Amino acid sequence: MKYRVAALVATCVLFANCSTTSAADTVTTGTMVEEMVDLDRLSDMPEDDYKTLQFTSYDRRSSVPDGPGWFSNSDGFGGAPIPPFQDVQKKPNDQGVGEYVMVDVEGPGVIVRTWTAAIQGSIRVYLDDSETPIYDGPAIDFLQRPYDTFLKGSDVTEEMLKGTFYQRDAGYCPMPFAKRCRIVWIGNPRRVHFYYVQVRKYDSPDVKVETFKADDLKTYGPEIAEVAKVLADPDTNFDLKETGKHEFELSLEPGHRSEAVVLDGPGAVEQLALLVKAKDEVAALRQTVMHISCDGWSHPQVQSPVGDFFAVAPGVNPYVSLPFTVMEDGQMVSRYVMPYKKSLRVEFENLGDQPVVLNGSLSTKDRKWDDDRSMHFYARWRVMHDLVTSPPIDIPFLVANGAGRYVGTASLMMNPARGTHPSGSWWGEGDEKVFVDDDKEPSWFGTGSEDYYNYSWSSPDIFFYPYCGQPRNDGPANRGFVTNNRFHVIDDQPFDTRCSFYMELLAHTRVEGFSYACQAYHYGRPGMMDDSRPITKEDVRKPKLPGPYEPLAVRGSNNATYLEPEKLTDGVVKSEDDDFWSAGQLMVWKPKAEGETLKLTLPVKDAGTYEVRLGLALDNRSGKVSATLDGEPFGFGGDSGVMDLYDARRTMIRCSPSKRLDLTAGDHVLELKFEGPADGKEPLVGIDFIWLQPR
């Protein structure tokens, strides 16, 4: 069977898949923009050594690894015991507003990433010896949309930058500097001030850097436009140098391990495509392990369940990023470059109890192996089952000794928390902590797991961008299987002797039975060793959420009452049994035509102000629905008043929004109206629970 992959059309992006700068080149805004789609660059040690520094609003009481205060969490909310800045430039005035140094880096470098969830006040950005800031304005604008100020007079537009250079709450907008970068925040430290600024700092003062100027977007507009095009649609526009293609089809019985492809070197894999077929797809994607060995190494450099390798497990959850694509039909594509000097071998191992069929291909290109700089690609996976989220712990993603480059992370979790509000099931209050080379304290110390992954405020949204995403989050809120990923392309971290990457597991509530799988992507020079370990059958036990469960009124849903909808209607409905749903049941309404309605009786014990939300099923059978309460809109569906419950691949629970309502004691009529089926599907609306909360 010939394996089908998405068409990958070469564009005129001449800089893709080649090293964009060398020791003799000058670093400019243009060369840094080109690096944003240069995955090949990551597979060599830098010609000009650098370290990626990170400046954040982390809690400064976290000063001694694993010591007192190590998990302190006052990291940008305001009123921190120790202000989270490098220095105080001007003490607060009578209004509490002072001037604080966020960043002060001397020597040549580049601002490569910024982020904030929320920040008041303003920012001044000074480059080199200039006494006039290149930027002086609202802090949130610079940290989320750094290039907006410089659009005037250029052909670069906000629309071009949205979703490419601006990804969720982060900005990837290179700003080089030759001598120095200083960023000063003017604001009240008792008010909210979350921030990240990542800076590439070159080791040698002799590296040639052309400092960012206000008209750089005009000067480098063509490069920005071309890179934005690739980032917006890498499946079509990423430039492959393919000189060979190697297809395979492999049938694996339970307990068997088999070779799929062997390649002679030197060369590099620039695309790996894979499709896994089995009766139980979810189990197969976790229980089929991929091993990729380069140059006869004792242990495979890549060792990961196939679904987790593509940063999306469990199951097929479609998304597109620069390094990975997962398609609705189950095809998965990796664009990470995998160099080899003498040989590369791909094997698969079936640790499950069912036969599995794998169809795939490797696209290769000619690539010389540089004994001084070339590196092997590594993907390390591990899992910890049956965790308890309190007290907090540091989850180790990678502990490596030797030289290499860290390029990506994925957290793949099973969260059995029962809260229906994001704050009541939130797992990710913990910070990333990354030690590089001789660090005594982390070079990277973050302010929250979702902040590292470029979003904020415990959001359960499904989203994906070129460098980050949340392709799975079951719900309600953050309950169920949750996957976050982030890929470091211009914000990569080279290391000479050591890289230790940890992420805190720090949840809002105590949760038992939490599973946390980690995927770390990095490159390593020959001689690098990391803390890899064999993957066991117990590690890859079939992902299953414990249940049935009862929603818990906690934190954001405190004092709520949860009602099972089956008991509230005389309409024609059915129930589907599955531990995924509240009380093990989903109420299923199958209207016969658009416009049909279903009435539910909502009992209110005491008069007062309430919010009324519905926990609704999203899947590939569901259509669109609207709702009224006592004949009036009540915030259901937001501005449109309609919720589209269709998702081609995922099964999720999402809670409808609600206005605050003054309700009398007694029964109220909650009426659902069917607004249309999913295309070609039988009409269906699934209601898991009704959430009534006093305010």
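The values are calculated or read from the model by the stated rules, or taken from the named source; none is laboratory data. Predicted model only: the values in this text are computed from it and were never measured. Cβ sites come from the backbone with ideal geometry, for glycine too, and all protein chains shown count toward neighbours. The protein model used for the area step is the full one, side chains on, heavy atoms only, and it has no ligands, DNA or RNA in it. Shrake-Rupley method; radii C 1.70, N 1.55, O 1.52, S 1.80 Å.
Things to note:
- Spatially proximal lysines relative to LYS245 (Cα-Cα < 19 Å; intrachain offsets below 8 disregarded): LYS2, LYS341, LYS342, LYS365, LYS368
- Excluding same-chain neighbours fewer than eight residues apart, the aspartates and glutamates reachable from LYS152 by a Cα-Cα span under 15 Å are ASP215, ASP216.
- Prolate/oblate/rounded label for the stretch 232-283 (Cα gyration tensor, a/c 1.5): oblate
- For the chain, calculated [θ]222 nm from helices alone, where every DSSP H run of n ≥ 4 adds -39500 (n - 2.57): -1500 deg cm²/dmol
- In this structure, the amide hydrogen of LEU552, modeled 1.01 Å from its nitrogen in the peptide plane, lies closer than 5 angstrom to those of GLY419, THR420, counting only residues at least 5 positions away or on a different chain.
- Cα gyration tensor, the stretch 178-264 - rounded (a/c under 1.5), prolate or oblate: prolate
- Mean Cβ neighbour count within 10 Å, used as a protection proxy, ranking 108-119, 451-462, 83-94 highest first: 108-119, 451-462, 83-94
- Percent RCO, i.e. relative contact order, over the chain, from Cα pairs under 8 Å lying at least 6 residues apart: 13
- From most to least packed by mean Cβ count within 10 Å, the peptides 322-330, 242-250 give 322-330, 242-250.
- Taking 1.567 mPa s as the viscosity and 4 °C as the temperature, the Stokes-Einstein diffusion coefficient of the stretch 548-695 based on its alpha-carbon Kirkwood radius rounds to 84 µm²/s.
- Charge sum, other residues only, whose C-beta stays under 11 Å from THR114's C-beta, Lys/Arg counted +1 and Asp/Glu -1: -1
- Selection from TYR340, PRO314, SER361 lying farthest towards where the dipole of the stretch 314-367 points positive, charges on Cβ: TYR340
- Positive-end extreme of charge dipole, the chain - chosen from GLY255, GLN271, LEU663 (charges on Cβ): LEU663
- Heavy-atom surface of the chain, accessible at 1.4 Å and reported per residue (Å²): 37
- For the peptides 628-637, 431-440, the ranking by packing is 431-440, 628-637, with the highest mean count of neighbouring Cβ atoms within 10 Å listed first.
- In order along the stretch 294-302, phi translates into HN-Hα couplings of 10, 6, x, 4, 4, 10, x, 6, 10 Hz, rounded to whole numbers, per the Karplus curve 6.51 cos²θ - 1.76 cosθ + 1.60 with θ = phi - 60° and x for Gly and Pro.
- Counting charges near ILE186 (Lys, Arg +1; Asp, Glu -1) among other residues having Cβ under 9 Å from its Cβ returns a value of +1.
- The amide H of ARG191, built 1.01 Å from its N in the peptide plane, has GLY79 as neighbours under 5 Å, considering only residues 5 or more places off or on other chains.
- Spatially proximal aspartates and glutamates relative to LYS537 (Cα-Cα < 19 Å; intrachain offsets below 8 disregarded): GLU253, ASP280, GLU281, ASP308, GLU347, GLU349, ASP353, ASP386
- Placing +1 on the Cβ of every Lys and Arg and -1 on the Cβ of every Asp and Glu, with nothing else charged, gives the stretch 456-499 a dipole about its Cα centre of roughly 180 debye.
- Shape class for the chain: oblate, because the ratio a/c of the largest to smallest gyration tensor axis (alpha-carbon atoms, square roots of eigenvalues) is 1.5 or more and b/c is at least a/b.
- Largest accessible area first, the residues THR483, THR609 order themselves as THR609, THR483 under a 1.4 Å probe with ligands, DNA and RNA left out.
- Under a model in which nothing but the beta-carbon of Lys, Arg (+1) and Asp, Glu (-1) is charged, the chain shows a dipole of about 760 debye around its Cα centre.
- Sulfur and carbon atoms: percent of accessible area, the chain [1.4 Å]: 48
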